[in-house]
Amino acid sequence: MLPRCFVFDLDGCVWDPEMYELWGGGGAPFKPNKDGSLTDRAGTRVDLLGDVKNIMNEFKTLDKWKECKICVASSCDEPEWAKECIRKFDVGCGFMLADVFDKDNIEIYKRSKDFHLKQISKKTGVPLEEMIFFDNQTNNCHTVAGVGVTVVYTPDGVTRKAFQEGLDKFPAPGEIIGPSTRGRW
């Protein structure tokens, strides 16, 4: 069984560095580089983490994902910068990250992640227990698991291993999948 809705955090999960780390002269506008990274106005590189590029490309090119919603739940400090990065990150085959994410379900604002997921559920009609959520912060993982979503902890970004482990264990409503953090769960 596949999740009906995949939800991704951005900073530290999809890309690095986090947008707030670009404060002090960096940030928008972002320029795409030939190697697939972006460069901000101060020359700082922003890279996709783990296997994000290939996974996002597969969401667009493989039929098995065509019924799945691909969404964002981020409490990023610079929502407009994040939206620009989404528009400018190339994931191959002529697709940008913006082509992958469901444009009506990009929740980027300062709120608790459980609120983001509830909003996505309300807008998509997908029950929380039919979603899978990827995040690199344990506090967000616990919050979202608390509302019944299958959660994948991604301390190194969305790697192929973490992604596959999440799929293999789905559905696991309210559970956190991934490496433990010194007994936190």
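Tabulated results
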read-out	value
Scan of region 3-24 for residues that are part of a loop (DSSP other than H, G, I, E, B) and open to solvent by 70 Å² or more (accessible area, probe 1.4 Å), ordered by number	Arg4, Trp23, Gly24
Residues satisfying the stated conditions in region 32-61, i.e. touching a helix residue (DSSP H, G or I) at 6+ places or on another chain (Cβ under 8 Å), open to solvent by 70 Å² or more (accessible area, probe 1.4 Å) and either farther than 27 Å from Asp114 by Cα or among the polar types (S, T, N, Q) (or both)	Pro32, Asn54
Qualifying residues in region 142-175 (those that are part of a loop (DSSP other than H, G, I, E, B) and among the acidic types (Asp, Glu)) - the one nearest to Leu10 (Cα to Cα)	Asp156
Which numbered condition Val100 misses (of (1) within 22 Å of Ile55 (Cα to Cα); (2) hydrophobic (A, V, I, L, M, F, W, C); (3) touching an Asp or Glu at 6+ places or on another chain (Cβ under 9 Å))	(3)
Test: residue in region 25-44 that is touching a Leu at 6+ places or on another chain (Cβ under 7 Å), within 28 Å of Leu128 (Cβ to Cβ), modelled with pLDDT of 95 or more and part of a loop (DSSP other than H, G, I, E, B)	no
One residue from Ala172, Ala98 being of a type in the set (Gly, Ala, Ser) and closer than 23 Å to Gly27 by Cβ	Ala98
In region 142-185, residue most open to solvent (accessible area, probe 1.4 Å) [restricted to those that are on the phi > 0 side of the Ramachandran plot and small (Gly, Ala, Ser)]	Gly183
Tally, over region 36-82, of residues that are among the polar types (S, T, N, Q) and without any contact (Cβ under 8 Å) to a residue 24 or more places away in the chain	2
Residue in region 110-128 that is within 18 Å of Val52 (Cβ to Cβ), of a type outside the set (Phe, Trp, Tyr) and in contact with a Ser or Thr (Cβ under 6 Å, 6 or more places away or on another chain) present	no
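The values are calculated or read from the model by the stated rules, or taken from the named source; none is laboratory data. What you see is a predicted model, and the numbers here were worked out from it, not measured in a lab. Cβ atoms come from the backbone with ideal geometry, glycine included; neighbour counts cover every protein chain shown. Remember, those area values only see protein heavy atoms, side chains included, never the ligands or the DNA or RNA. Shrake-Rupley method; radii C 1.70, N 1.55, O 1.52, S 1.80 Å.
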